[in-house]
Amino acid sequence: LAASAPRRIKPLDQSVVNKIAAGEIIVAPVNALKELIENSVDAGATTVDIVSKDGGLKLLQITDNGHGINKDDLPILCERFTTSKLKSFDDLSSIGTYGFRGEALASISHIAHLTVTTKTKDSDVAWRALFEDGKLVAPKPGQAAEPKPVAGRGGTQITVEDLFYNMPNRRKAFRSPSEEYQKILDIVGRYAVHCKGVGFSCKKHGDADMSLSVNATANTVDRIRNIHGSNLANELVEFKVADSHLGFTAHGLVSNANYSVKKTTLLLFINHRAVDCYPLKKGIEQSYATFLPKGGRPFVYISLEIEPHRVDVNIHPTKREVNFLHEDDIVDKICEAIRSKLAAVDTSRVFMTQT
Ligand code: ADP
Ligand code: MG
């Protein structure tokens, strides 16, 4: 067959590019929520309240009492790569905050209706701004595309409505709002365990009762008790491990040999970001194999801090996975620390039953 002439290469429309990029970062409502929680925590909030409707597809609202956003910054808030957290590429290697690419709000504005209401402590009023496709838009036809003064408390409220309204295929792929809500509760629960000093609540729109509610003053065990129950909270052991050569410290709370469930729960934070690490999960399950009945699985919460220059947080659009140096060695050290804790608890139990 004779090759036909190649088709000409043309740049995609900017609005198409923005939508594609946004859809890679925000795959489901839970991805948007994770970014919004991280923003609230970055803003120094001590309360973070979440409301969701239809699994976050109809409405996702998050209200915090953080430092707010300056009115003068609102016009560029949802432009891509605008951030208060990162100035140079080198900053990526020492990043202390959750966000860092200035992409989250921009992305959301390309695939949902976004409303931001915010008040700094220097401002007498709160400012409300609506965004579409990265830009400020008028609240009503005929009005100016600018922030409007409203009554409000210090902090920020972000309202995301009709997520994926302009991506019908993505929208159709969500069959079950309750499944999406479970993912929302899962991520809120993770941050609620990890973020000491921050209170969290989460509920469905229209419900009187909270699905989850944790006080700002609660300690970590009480946070776990609140979210995962006393059966677990009464069977937790604390562990700590550090290695200056490998450049990490880790601590956490793990279930002891009295506790056994069908599926592992691993709440893993690397440099205060909720992430997945498959090798660590496997290592932990192997470590518990000798302590739990056959098929039994543990609950494990780990806060792992690695020197920032050894971590590449930028390998994945949703930032769910990270790469770090000496992964195998660090996984081994953590598993060893957990095993020796389990063994110690086990022998003390044997000792107690003997006397
Ligand atoms: P990034 O977090 O990567 O900077 P985002 O798009 O998530 O990018 O947010 C852009 C900027 O908006 C942030 O750098 C921050 O200055 C501001 N911001 C976003 N959410 C909040 C919030 N809840 N409270 C205060 N400031 C916020
Ligand atoms: Mg952010």
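The values are calculated or read from the model by the stated rules, or taken from the named source; none is laboratory data. None of the values given here were measured: they were computed from a predicted structure. FYI the Cβ positions are ideal-geometry reconstructions off the backbone, even for glycines, and counts take in every protein chain you see.
Descriptive notes on the structure:
- In summary, Val116 fulfils each of the numbered conditions (1) within 16 Å of ligand 2 (Cβ to nearest atom); (2) of a type outside the set (D, E, K, R); (3) more than 26 Å from the chain's Cα centre (by Cα) with the single exception of condition (3).
- Among the residues making up segment 145-158, those that are away from ligand 2 (no atom under 16 Å from the Cβ) and either assigned to a strand (DSSP E or B) or small (Gly, Ala, Ser) (or both) are Ala145, Lys148, Pro149, Val150, Ala151, Gly152, Gly154.
Residue-wise test of (1) outside any helix (DSSP H, G or I); (2) of a type outside the set (D, E, K, R).
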position: Asn166; (1), (2): yes, yes
position: Arg171; (1), (2): no, no
position: Ser178; (1), (2): no, yes
position: Gln182; (1), (2): no, yes
position: Ala192; (1), (2): no, yes
position: Phe200; (1), (2): yes, yes
position: Asp209; (1), (2): yes, no
position: Asn231; (1), (2): no, yes
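- When restricted to residues that are surrounded by fewer than 19 Cβ atoms within 10 Å (Cβ to Cβ) and near ligand 1 (Cβ under 8 Å from one of its atoms), segment 103-121 contains 0.
- Selected residue (only one of Ala45, Ala21 is under 12 Å from Ile111 (Cβ atoms) and touching a residue at least 12 places away in the same chain (Cβ under 8 Å)): Ala21
- Residues located in segment 148-163, provided they are within 14 Å of ligand 1 (Cβ to nearest atom) and surrounded by 15 or more Cβ atoms within 10 Å (Cβ to Cβ): Gly152, Gly154, Gly155, Thr156, Gln157, Ile158, Thr159, Val160
- Matching residues in segment 1-36 - criterion: being farther than 17 Å from Arg171 by Cβ, basic (Lys, Arg) and not in a loop (DSSP other than H, G, I, E, B): Lys34
- Among the residues of segment 160-176, at least one is within 22 Å of Gly66 (Cβ to Cβ), in the same structural domain as Asp49 (by TED's automatic domain parsing) and either out of contact with any His (no Cβ under 9 Å at 6 or more places or on another chain) or among the β-branched types (Val, Ile, Thr) (or both).
- Residues satisfying the stated conditions in segment 71-102, i.e. near ligand 1 (Cβ under 8 Å from one of its atoms), of a type in the set (Ser, Thr, Tyr) and either at pLDDT 60 or above or crowded, with 19+ Cβ neighbours inside 10 Å (or both): Thr82, Thr83, Ser84, Tyr98
- Condition check for Phe299: buried (at least 17 other Cβ atoms within 10 Å of the Cβ), aromatic (Phe, Trp, Tyr) and modelled with pLDDT under 85: no
To keep it simple, each residue is scored yes or no on (1) among the hydroxyl-bearing types (Ser, Thr, Tyr); (2) more than 13 Å from ligand 1 (Cβ to nearest atom); (3) at pLDDT below 90.
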{"position": "Ala5", "(1), (2), (3)": "no, yes, no"}
{"position": "Ile9", "(1), (2), (3)": "no, yes, no"}
{"position": "Val16", "(1), (2), (3)": "no, yes, yes"}
{"position": "Gly23", "(1), (2), (3)": "no, yes, yes"}
{"position": "Ala28", "(1), (2), (3)": "no, yes, no"}
{"position": "Ala43", "(1), (2), (3)": "no, no, no"}
{"position": "Thr46", "(1), (2), (3)": "yes, no, no"}
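- For segment 280-295, the condition of being aliphatic (A, V, I, L, M), within 22 Å of Lys196 (Cα to Cα) and either assigned by TED's automatic domain parsing to the domain that holds Lys341 or not in a helix (DSSP H, G or I) (or both) holds for none of the residues.
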